[in-house]
Structures are given as structure tokens and as C-alpha cells.
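Derivation of every value follows stated rules applied to the coordinates shown; laboratory data play no part. All figures in this text were calculated on a predicted structure; none of them were measured in a lab. Using ideal geometry, Cβ is built from the backbone for each residue, glycine included, and neighbour counts are taken over all protein chains shown.
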Amino acid sequence: MLIGILQTGLAPEALAPTMGDYPDMFARLLDGHGFTFRTFQVVNGVFPESVTACDGWLITGSKHGAYEDHAWIPPLEDFIRKAYAAHVPMVGICFGHQIIAQAMGGRVEKYAGGWSVGPTAYDFDGETITLNAWHQDQVVERPASAQVLASSGFCENAALLYDTRTLTIQAHPEFKTEFVDGLMKTRAIGVVPDPLLQEAATKLETPLNDGKIAARIAAFFKAPRS
């Protein structure tokens, strides 16, 4: 099964040489599930020729906000709506989660409650799953077509399901501990409040359940659909 990765951001230059870029992280996360991947750097204006060019789509995280004025955001939203209408399975992670919600009629904003950084526990249908988080923006109003799959005290719309067609997750199952640590030492400086970074540093070694989410994403892509 060919999964098209719609890359909406670039990993920091200080980290990418040793830890890879975002598509590399997703390839590692989903390794062993029978997928092949093709990357489209939509952040640089490179889009697939059609929504059926791949068997499924995965939209990555980004340092950008879904509500920001970038030339590539309106065509990405249009692509999302077309893929949904064509019943091509789509997964969104962090920014991907947010841009899909926005494209489908929801609202994203810079959350007044601040940042979520590092290992974070989410309630997935009564099961506690811990994943790395790295965001301030949130989906504050979900689209009418979306149902909540996961939430936390900090993030009400932490995972959304749009019938059998689209699955989105606010957290970063693709982020390993060392990458979050690297973000805290590079991209976070002067952006994320120091007390929050200090608190997150004490939790970095918390065991993660990224394998469970990888299995859920893989099952979603492979599920039979009309």
C-alpha cells in the first residue's frame, strides 16, 4: 500500500542530519506494516497530481499555524476536501490534525492555556495512551463530521475520526524521546516558557505507547471501505 506523505514542515537543521526529517520518522513508526511511502513537500508548493495518486495520505506536523497566511495552505485544504469526498483514507498528525479540522469546517487557534510538551497521557476510549506532545495550537471547535476519539484535561479534541475516511491525532507518535529533547534545546528556546521545559525534562523518560498508535494508524489505512 502506497502512502503519500504530505510534508508541511521541516525538522530543525540541527537535528535532521542525525534524526531524519519528518517523513523518515513516519517511515520508522510504520515500519513492518507493509507500507511504501512517497513524500510531497507541500510546504514548498509540491503537491500530488491527484488525490488518487496514492492509496492513502498522511499529513505531517509543522511549525506553522493552520490559520497563517501561506500560499500552500488553501490548496492543501482543497486537497483534503477532495480526498475526503473520494473516500481516500487520510491521517493527520499535529498540524495535520489541525489543518484537516480547519478544512472540514472546524476552528484552530493558539490555545490560551499554553503549550503541551513531552510525554502526555490521553484517554482513548477509556484506555490511557502516552505520547509525545509538542503544540500550542489546538482544534477548539471540531467539525460536525468529526467524533472525538481521544482527549485530555489540556486538549479536548486530541484525536478525531471522520467516519471511515479520516483519522487525526494531535500528539506526535513519530517523535522519539531524543528528538523531543533536541527540540527543547533548539526550537523551544525563547518560545516555550522555561518552567514548562523544566517540567517536561523531568518526564522525558516516561514510557510511550507509540507502537499502539502505529498499529491503529496501520489498521485504519488497511480497513475495507467503499
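Numbers below:
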item	result
Qualifying GluC sites (Glu not before Pro) for segment 4-95 [loop in DSSP, other Cβ within 10 Å: at most 10]	13, 49, 68
Cα centroid separation, segment 162-186 to segment 196-213 (Å)	11
The chain, relative contact order in percent, only Cα pairs under 8 angstrom and at least six apart counted	20
Where only C-alpha atoms are counted, convex hull volume of segment 134-226 per residue in Å³	115
Among 202, 105, 37 the positive-end extreme of the charge dipole of the chain (Cβ point charges)	37
Sites matching GluC sites (Glu not before Pro) across segment 132-226 that sit in DSSP coil, with at most 15 neighbouring C-beta atoms within 10 Å	156, 205
Reference-scaled alpha-carbon Rg (2.2 N^0.38 Å with N residues) for segment 54-129	1.22
Under the Debye formula (equal points on every Cα, no solvent term), log10 I(q)/I(0) of segment 2-222 at q = 0.08, 0.11, 0.13, 0.15 Å⁻¹	-0.25, -0.48, -0.69, -0.95
Reachable lysines from residue 176, criterion Cα separation under 23 angstrom, eight or more residues apart if same chain	63, 185, 203, 212
